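Presented below is the structure to which this report refers.
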Amino acid sequence: MKVLNPEGTTMINKVFAKLVLMGLMGLLAACGGETESTTTSAPVPEGTPSGSEQAQQFYAANPEFFSFKTPADVPTDLVWENGSHLPEIGSPNAKKGGVQYEAMQDYPRTLRLVGPDSNGAFRNWILDNVAVKLAHRHPDNFDFYPGLATEWALSEETRTVYMKLDPDARWSDGEPVTADDYFFMFFFNRSEHIVAPWYNNWYSTQYTNISKYDDYTISLTMPEMDPDILYNALEHTPSPEHFYAEFGPDYVERYQWRFVPTTGAYYVKDEDIVKGRSVTLTRDTNWWAKDKKFWKNRYNADQIYISVVRDSAKMFEAFKIGDLDMFGLSLAEYWYDKLPDSDPDVQNGYIHKSVFYNQRPRPTWGLWMNTSRALLENQDIRLGINYASNWDLVIERYFRGDFQRMRTPHDGFVEFSHPTLRARPFDIGKAQEHFAAAGFTQRGPDGILMNAEGQKLSFTLTSGAEPLAPVLTILKEEALKAGLDLRIEMLDGSAAFKKVQEKQHDIYFGAFGAFLEMYPRFWETYHSDNAYDDAFLEDGSVNPDRQIKVQTNNLESMAIYELDQLIEQYDASSDKQEMIELGHRMMEMHHDYASFVPAYVQSFYRVGHWRWVKFPEGFNHKHSDTSGELFVHWIDTELKEETLAARRSGQTFEPQINVYDQFAEEL
Amino acid sequence: MLFKLNPQTTKKLRRFREIKRGYYSFVILMTIIVVSLFGELLINNRALVVSYEGELYFPTYTDFRPGTDFGFDYSYETNYRDLKRRFEEEGQGNWVLLPLVPYSPNENHSVTGIYKADPPTAELQHYLGTDTTSRDILARLFYGTRIALFFSLGFLGAVYAIGISVGSAMGYIGGWFDLLFQRIIEIWSNIPFLYMVIIIFSVIPAAYAISTRIVILLVVMVLFSWTSMTYYMRTETYKQKARDYVAAARIIGASNTRIIFHHVLPNTLATMVTFMPFTIVSAITAVTALDFLGFGLPPPTPSLGELLKQGTENLRTAPWIVISAFTTLVVLLTLVTFIGEAVRESFDPKKFTVYK
């Protein structure tokens, strides 16, 4: 679902934060072990309306939004699409069966899909990577292929997307998926009981109508006609109306540990939730989509056993002895040092190493300068900081040349990305020129530049990405050469993000996760609405009384009147070419403003996997984010036995270190 | 001096000197502390002496010198290792005397061109190897230890100052004051120490210089650990106060100040001294644990905990990290514990009350 949840965007930070926090818990409290089961809740008092009764009342109270129509109301001149021109995703060689062993750093705090604590890394296993949505973007072609919908059609005049639902679709508890579940989805996500204001807002403002024509035909209407309108309409998983019979104000506690029936291939049995230790997913052997073109030969393992391993060093050791099937090796130290090509397990062909180059929008790692702070409001200072940040050295020495320098924070959007803009290189001379232009001409006794008033050129560099602390220490040492002092403030992930959300930072090192979207977003990060309350007066001049606006993603406090106009034009535009041009102009303005130092992009993922984990020819698909995301791999149980036996007897195989660069982009 | 050494004390000190293990530990530790005071002369990337065009420079403790001072074309701090190499190549009689280990603890100096942990090499003077970002481990260990030692001494001083004043006051004044403080201490000491330090320290803004932040961490730690000393002092003061000599002093007309400082406190010396090493041990352990968890001294401050953490994460690929950090910590804690044992034994009154 296209849900740019403010929390979701910081997932990268959050995972790191969890790593630190869980380590702490383990040490201090020696926690672990099973907690009390809370699956059973008090019965709902009699006379309380059921979830669906509440929903019916809600529909009746909002007739504008929820329309009940007849099949005859579907326009006849629609052009229906069904993605049938797209290639299959799964490999014909795939075999069903086996158990896939996985690890998670942190036990999920809930099995709910929304509400407090639900936005953790575990959600991938029960929602994001597993649940079938109405339609999905094809991982090679970007067009949509059918999921719960068999066909869809867009009516541009009415900004409405019509969808025919697959009558075969079933929830994992056997109930059919019908139009009612989509209606319920709106009731559910707009209800205050779920304690998720972001969802409440999204489902109230991004859609203007949902209509039911019969049990298997619906339409969704959007307020704006933008080029990516299909995405907003199709990337939805409905909410099972029958499951939320006890829905009410105590939803958060009542549904805390109940597995929500899914449209996907894997479900969780009650007995497979071992609190604090593991969760096991079981493959639905009668899954409704198992023979559908785009779903067959995927989701192959019979079971996925996910256990808690609190730190990544231990996780790696578990992988190395064969307790885990796969391990991400994207970090240089793992790829080159901890599992080098010369490792006996690799050389003997037991563990395969694979590098896969993908194409997708990249997370925006970089230095975000808060331009509302003293000194940072000066463009020369910002330019100086750009030139004083030695990312090339970090990439070359620390990441060992594996990553590339990011050009702009909007890399990976194909034609929407700027063709010629480049990040500024490390240049002490230029940095000092700009600092001098801002009045910082003298070096103090410690080598840090000072201005005439004796003020030091010193900024706090805040970050929550604890494992990347070494990167910051390298930057600090290098910046000192240009006379710039960076004081590193390493916080835990959520504390760091809280600080930047309150706009208390000078410079922040972090990233927003990027979704697989057609074009970048600008409003969230660059519009003055997200920087100040009433940033400008009527005539476009700066409002002298403006107040900083907190809790937004405009971390640079960007407020440029012309840029605002462009963003509004961009958001209102429905012409792709116009949007590309506007986008490029905005990127240029942002580049000139110099409030962001682009860091690096990783154009591949690397994974180590045991010989028995098989991948399709070509390894994976162009837009895939991780090796497991699309579930195209399979576990070959015979190979597993053979490999384990071979390992005991000393028999070896051909080593497999493969680079799949068929989708490598030139950067 | 606050307390005049009475014959009793001199006897105790003599006894301490007789306990060889503790005494030598004390000597070694003192040597380490004294040497570490002049650490910049031993482990530093600034040269000790530079002789350039007939003039001598001593950059160790002075302001930074830009490269332009010595004929380089850059305005940032001179790289004295490069300078030495250049002078040797030029052969014009200029020379540089570098410290034993010519690296600063924060400097990334890679052997291979890649920032990663490299094993010890004598040739490049990385005697204990480098850490995961190619910083010299010996330098980090040395300065980390120095910070830990002085941190714990500062901690000791502060905890004792508060603990002794409050504890003695409770014991001496007694009554409602004693009751009130007992309750306060009971509540205060139930606050989990490490958690509170982590929570409070995490909200301290990083805008301060690193040295200031270290002091803040010290204050926060003291804030949550001054209580333990008070109870011992309170008991001890109570005990002394009830003794006849105190009553006698009072009858003579001695003031409270005189009684406290000349009579009571000197007699509680044994308690104070006995706890000293253990306080130091706990301070070193606490600050190491905090760093290990990533909540302690701000990066890139060198610290034992940070090295230990790196070491455990790279146990297999870079064992030299954990070995150096672990050995240092063990040696340090063992020394302090030996001293503690010896102090306790020499101050043990039983030694002097045995009737033959």
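The values are calculated or read from the model by the stated rules, or taken from the named source; none is laboratory data. Owing to the predicted nature of the structure, the values given are computational and were not obtained by experimental measurement. Here Cβ is always computed from backbone atoms with ideal geometry, including for glycine, and neighbour counts include all displayed protein chains. Just the protein is used for accessible areas: all its heavy atoms, side chains included, with ligands, DNA and RNA removed. Shrake-Rupley method; radii C 1.70, N 1.55, O 1.52, S 1.80 Å.
Values as computed for the structure displayed
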read-out	value
Pairwise label distance in nanometres, A:GLN565 with B:GLU123, each label 7 Å out on the Cα-Cβ vector	6.5 nm
DSSP bridge pairs, segment A:49-283: antiparallel proportion in percent, nearest 5	90 percent
Residue among B:PRO300, B:PRO66, B:PRO277 with the largest mean-square fluctuation in a Gaussian network model of chain B, springs linking Cα atoms under 10 Å	B:PRO66
Under-5 Å amide H pairs with A:GLN656, H placed in peptide plane, nonlocal only	A:GLY349, A:LYS353
The protein assembly as shown, helix-only ellipticity at 222 nm - DSSP H runs n ≥ 4, -39,500 (n - 2.57), divided by all residues, nearest 500	-11500 deg cm²/dmol
Quotient of Cα Rg and 2.2 N^0.38 Å for chain A, N being how many residues it contains	1.01
Only Lys, Arg (+1) and Asp, Glu (-1) charged, at Cβ; segment A:366-601 dipole about Cα centre in debye	1000 debye
Using a Förster distance of 56 Å, the FRET efficiency for B:SER110-A:THR285 (Cβ separation, nearest 0.05)	0.55
Counting DSSP beta bridges with both ends in segment A:366-601, the antiparallel % (nearest 5)	60 percent
Signed unit charges on C-beta, dipole axis of segment B:189-311, positive-most listed residue B:LEU308, B:GLY294, B:VAL281	B:VAL281
B:GLU18/B:ALA161 FRET efficiency (R0 25 Å; Cβ-Cβ; nearest 0.05)	0.20
Residues with amide H under 5 Å from that of A:PHE512, placed H, sequence gap 5 or more	A:THR364
Long-range HN-HN contacts of A:GLU489 with modeled amide H, under 5 Å	A:LEU461, A:THR462, A:SER463
Point-to-point label distance, A:GLN206-A:ARG277, nm (Cα→Cβ direction, 7 Å offset)	3.9 nm
Per-residue HN-Hα couplings for segment A:319-324 [Karplus 6.51, -1.76, 1.60; θ = phi - 60°; Hz; x = Gly/Pro]	5, 5, 8, x, 6, 10
When each of B:LYS12/B:LYS239; A:LYS476/A:LYS499; A:LYS499/B:LYS309; A:LYS133/A:LYS499; A:LYS338/A:LYS498 is checked by Cα-Cα distance, pairs over 24 Å	A:LYS499/B:LYS309; A:LYS133/A:LYS499; A:LYS338/A:LYS498
Occluded residues from segment A:372-418, i.e. those whose accessible area drops by 20 Å² or more once the chain is not alone (1.4 Å probe)	A:ARG397, A:TYR398, A:ARG400
Label-point gap, in nm, between A:GLU46 and B:THR285 - each point 7 angstrom along Cα→Cβ	6.1 nm
Relative contact order computed over chain B (Cα-Cα under 8 Å; 6+ residues apart), in percent	20 percent
Around A:TYR350: net Lys/Arg minus Asp/Glu count, Cβ-Cβ under 9 Å	+1
Check: the protein assembly as shown dipole with +1 on Lys, Arg Cβ and -1 on Asp, Glu Cβ, in debye	6560 debye
Phi to ³J(HN,Hα) by Karplus 6.51 cos²θ - 1.76 cosθ + 1.60 over segment A:463-476, Hz, x for Gly, Pro	8, x, 8, 4, x, 9, 3, x, 4, 5, 5, 5, 4, 4
Antiparallel DSSP beta bridges within the protein assembly as shown, as percent of all bridges there, nearest 5	75 percent
Value in Å of the Kirkwood radius, where segment A:366-601 supplies the Cα pairs that are averaged	18.4 Å
Charge tally in the Cβ shell below 12 Å around B:PHE275, where Lys, Arg are +1 and Asp, Glu are -1, B:PHE275 excluded	0
For B:THR112, net neighbour charge (Lys/Arg +1, Asp/Glu -1) across residues whose Cβ lies under 15 Å away	-3
Segment A:49-283 - accessible surface per residue (Å², probe 1.4 Å)	38 Å²
Pairwise FRET efficiency - B:ILE210 versus B:ASP82, Cβ, R0 = 30 Å, nearest 0.05	0.70
Phi to ³J(HN,Hα) by Karplus 6.51 cos²θ - 1.76 cosθ + 1.60 over segment B:125-133, Hz, x for Gly, Pro	6, 8, 5, 10, x, 10, 8, 5, 10
Radius of gyration, Dmax [segment B:45-98; alpha carbons; angstrom]	10.0, 27
